[in-house]
Amino acid sequence: MSPTPVTETSGDDSDQKTSPENTIQLKIEIPETEPLETLRDVWNGVVNPPVCSIKSENADDKSGSFDKDNTFSISESITNSVGAENGDSDLVPENGNGGGVKTTSLLKHSPSLGMGILEDFLEVPIGGSGKNDGLENGSATSMMDEAWSQLAKAFIAYRGQPVGTIAAIDTKESDKKESDTKESDTKQSDTKESVKEILNYNQVFVRDFFPSALACLMKTNPDSDVVKNFLLKTLHLQGWEKRIDNFTLGEGVMPASFKVFHDPVRQKEVLQADFGGSAIGRVAPVDSGFWWIILLRSYTKRTHDYSLSELPEVQRGIRLILNLCLSDGFDTFPTLLCADGCSMIDRRMGIYGYPIEIQALFFFALRCAKQLLKPEHVDNKEFLKRIDKRITALSYHIQNYYWLDFTQLNNIYRYKTEEYSHTAVNKFNVIPESIPEWLFEFMPLRGGYFIGNVSPARMDFRWFLLGNCIAILSCLATPAQATAVMDLIEERWEALIGEMPLKIVYPALEGHEWNTVTGCDPKNTRWSYHNGGSWPVLLWLLTAASIKTGRPQIAKRAIELVEQRLEKDGWPEYYDGISGRYVGKQARKFQTWSITGYLVAKLMIENPSNLLLVSLEEDKKISKPKLTRSTSWTC
Ligand code: GLC
């Protein structure tokens, strides 16, 4: 069957420079004040003519070009990328001529922009780093080796096929508990199984598998089978009837996790899935379906295997997931209304409402679905229109109402309340007295971020790393906002990165607030676990966002910190303390996504082309917000 093109139809590259097929454009925006000649010279030094075809205003200069607005464009040929026939779509099947490539990444110049990283970008196709899958000299090499070997142990097979990775293999914990139960005459394997059961980390979590899958796909010779098996198995689980007590969940809900176990009666391996019924608080994982769609795009982009995404069952699976989010209701906002604990933070932490993590993942998944759904399919036509409308509405809403920087904070501080009608400036009737004290100190003059939640009379001003990074990768953040987020991370390094990257949320809830918001959760005490703990898995997200914004030094600094401790500490799930100094109170060791978060970060730093597996380019057709500009925007 010859695959048909999958294109992102709303993409608009009409203002791009003419570039040959099979090219990637990197744009570096240079501030007015920058001495252009110097940068041009540097570029000439890093460009490698055999792999780059670069246009320039200057006929002699084959290395790149500066636009009128001081944007420097580089065209790059890469052999194994996939591209577009129209607009900025980046998923197009190979056509026998090597496939069409036309995709745009924005690398914004900043003081920390490293030319070395761009050199790599130009020289290496997606996949291996050209350095033996991330291996380099010294201790980092052995740490990478160790990470790969730990990842190899984490694979779970189902009827002879790898289908995912286990959340954690905490052998020390297991050994300890095993010796406690030694007198039992149960077979050792059963004991291990029951120990893992106690630990409740013997499952393949959909969200946890995402960085495992990326590591598999970013290798020189990708291990794509496990990713494909995972996508198909979870799709199969989506088809199950999902009941909690007498209530049936929506058809599109994807499991939070599944496990493989041996059914002694039927004498065969069976799958058991959790759709929230076994989770703390019994909340369905809203993020799972989004991660699934995003991973399907990464898989397709890396492998060019369009036959998977084009399967009618897969096309239907995508629609079912998004149907849960696009159906009509009482909503007045385009954002998704969620229960507490419906994502990575899967316990009560006051993220109910419209949490940024879910909104950013929703946006990312909508944009990926636009690339994956076949427009000619009769069921997809109307659906794609709904997707388009939601993308526009969602980006407007988030870019306008979630964005916070110094100027915006000052505006909110001076808000009037009780404004009725559509002319209201304070649209959600936020009472300025609800601005927490810490925020006035925390907010730098340079930088900004998307706050945690916006709903009537409620702004959750906390910083959440995952939502902000996903906003950057999906281009939910404008280029200026993306830059400002990275500025904030630099400005507030101690608070957000500390001694062990990275804070999942800042700041922690304490005292009475902890009491009322978490329900006195002893696992989420201040600066621990989800409540201001530090999670190494988030390293891959920071790294991807850093590369995308042209600030790889930020990621490199964080990686150095991780390399000092993570392996020695046994790859814990999370760290505790205001600066993340202590291994988490109840952290599992050999947590798979701590291992893969590091691997993926390294694989991207060593070959920034790998970023393309988890990053979308800007869609210029999405209407721009009308926002007041602040210092952090005028860069
Ligand atoms: C914890 C985390 C959750 C993760 C799971 C497996 O429950 O909160 O995000 O998916 O462990 O690692």
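The values are calculated or read from the model by the stated rules, or taken from the named source; none is laboratory data. Note that the structure is predicted; figures quoted are calculated from it, not measured. Don't worry about glycine lacking a Cβ; one is built from the backbone with ideal geometry, like all the others, and counts go over all protein chains shown. With ligands, DNA and RNA removed, areas are computed over all heavy atoms of the protein, side chains included. Shrake-Rupley method; radii C 1.70, N 1.55, O 1.52, S 1.80 Å.
Results, tabulated for the structure shown:
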{"read-out": "Restricting the stretch 377-403 to residues that are among the hydrophobic types (A, V, I, L, M, F, W, C) and at pLDDT 95 or above, the residue that is farthest from Gln315 (Cα to Cα)", "value": "Trp403"}
{"read-out": "Gly341, sole failed condition from (1) of a type outside the set (Phe, Trp, Tyr); (2) crowded, with 16+ Cβ neighbours inside 10 Å; (3) closer than 23 Å to Ser298 by Cβ", "value": "(3)"}
{"read-out": "Lone unmet requirement of (1) open to solvent by 10 Å² or more (accessible area, probe 1.4 Å); (2) of a type outside the set (A, V, I, L, M, F, W, C); (3) within 15 Å of Gly467 (Cα to Cα); (4) more than 16 Å from the ligand (Cβ to nearest atom) for Glu357", "value": "(4)"}
{"read-out": "Test for Arg266: is it open to solvent by 10 Å² or more (accessible area, probe 1.4 Å), without any contact (Cβ under 8 Å) to a residue 24 or more places away in the chain, more than 13 Å from the ligand (Cβ to nearest atom) and not in a strand (DSSP E or B)", "value": "yes"}
{"read-out": "Residue within the stretch 282-290 that is open to solvent by 30 Å² or more (accessible area, probe 1.4 Å), touching a residue at least 12 places away in the same chain (Cβ under 8 Å) and not β-branched (Val, Ile, Thr) present", "value": "yes"}
{"read-out": "Total residues in the stretch 220-247, condition open to solvent by less than 60 Å² (accessible area, probe 1.4 Å) and modelled with pLDDT under 95", "value": "2"}
{"read-out": "Residue tally, condition out of contact with any Asp or Glu (no Cβ under 8 Å at 6 or more places or on another chain), among the aliphatic types (A, V, I, L, M) and farther than 14 Å from Lys233 by Cβ, over the stretch 244-291", "value": "6"}
{"read-out": "Selection count, the stretch 154-170, where residues are open to solvent by 10 Å² or more (accessible area, probe 1.4 Å), touching a residue at least 12 places away in the same chain (Cβ under 8 Å) and over 24 Å from the mean Cα position of the chain (by Cα)", "value": "4"}
{"read-out": "Verdict on Gln203 being within 16 Å of the ligand (Cβ to nearest atom) and open to solvent by 50 Å² or more (accessible area, probe 1.4 Å)", "value": "no"}
{"read-out": "Count of residues meeting criterion [small (Gly, Ala, Ser) and more than 20 Å from the chain's Cα centre (by Cα)] in the stretch 351-406", "value": "2"}
{"read-out": "Selection status of Leu336, in a loop (DSSP other than H, G, I, E, B), out of contact with any His (no Cβ under 8 Å at 6 or more places or on another chain), under 18 Å from Val253 (Cα atoms) and of a type in the set (A, V, I, L, M, F, W, C)", "value": "yes"}
{"read-out": "Residue selected from the stretch 488-503 under the condition out of contact with any strand residue (DSSP E or B) (no Cβ under 7 Å at 6 or more places or on another chain) and not charged (D, E, K, R), by the criterion farthest from the ligand (Cβ to nearest atom)", "value": "Trp493"}
{"read-out": "Residue count, the stretch 571-584 (criterion: more than 15 Å from the ligand (Cβ to nearest atom) and either assigned to a loop (DSSP other than H, G, I, E, B) or in contact with a Lys or Arg (Cβ under 7 Å, 6 or more places away or on another chain) (or both))", "value": "5"}
{"read-out": "In the stretch 585-604, the residues that are surrounded by fewer than 22 Cβ atoms within 10 Å (Cβ to Cβ) and either more than 12 Å from the ligand (Cβ to nearest atom) or of a type in the set (Gly, Ala, Ser) (or both)", "value": "Lys585, Lys589"}
{"read-out": "Members of the stretch 596-616 found to be closer than 19 Å to Leu361 by Cβ and not in a helix (DSSP H, G or I), listed by number", "value": "Val614, Ser615, Leu616"}
{"read-out": "Residue match in the stretch 551-559 (condition: closer than 11 Å to Met500 by Cβ, away from the ligand (no atom under 16 Å from the Cβ) and among the aliphatic types (A, V, I, L, M))", "value": "yes"}
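Condition check ((1) in contact with a Phe, Trp or Tyr (Cβ under 8 Å, 6 or more places away or on another chain); (2) away from the ligand (no atom under 16 Å from the Cβ)) across all residues:
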{"residue": "Leu324", "(1), (2)": "no, yes"}
{"residue": "Gly329", "(1), (2)": "no, yes"}
{"residue": "Thr332", "(1), (2)": "no, yes"}
{"residue": "Ala339", "(1), (2)": "yes, no"}
{"residue": "Ser343", "(1), (2)": "no, no"}
{"residue": "Phe364", "(1), (2)": "yes, yes"}
{"residue": "Cys368", "(1), (2)": "no, yes"}
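Let's see how each residue does on (1) in contact with a strand residue (DSSP E or B) (Cβ under 7 Å, 6 or more places away or on another chain); (2) in a loop (DSSP other than H, G, I, E, B):
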site: Val253; (1), (2): no, yes
site: His262; (1), (2): yes, no
site: Leu271; (1), (2): yes, no
site: Arg282; (1), (2): yes, yes
site: Gly289; (1), (2): no, no
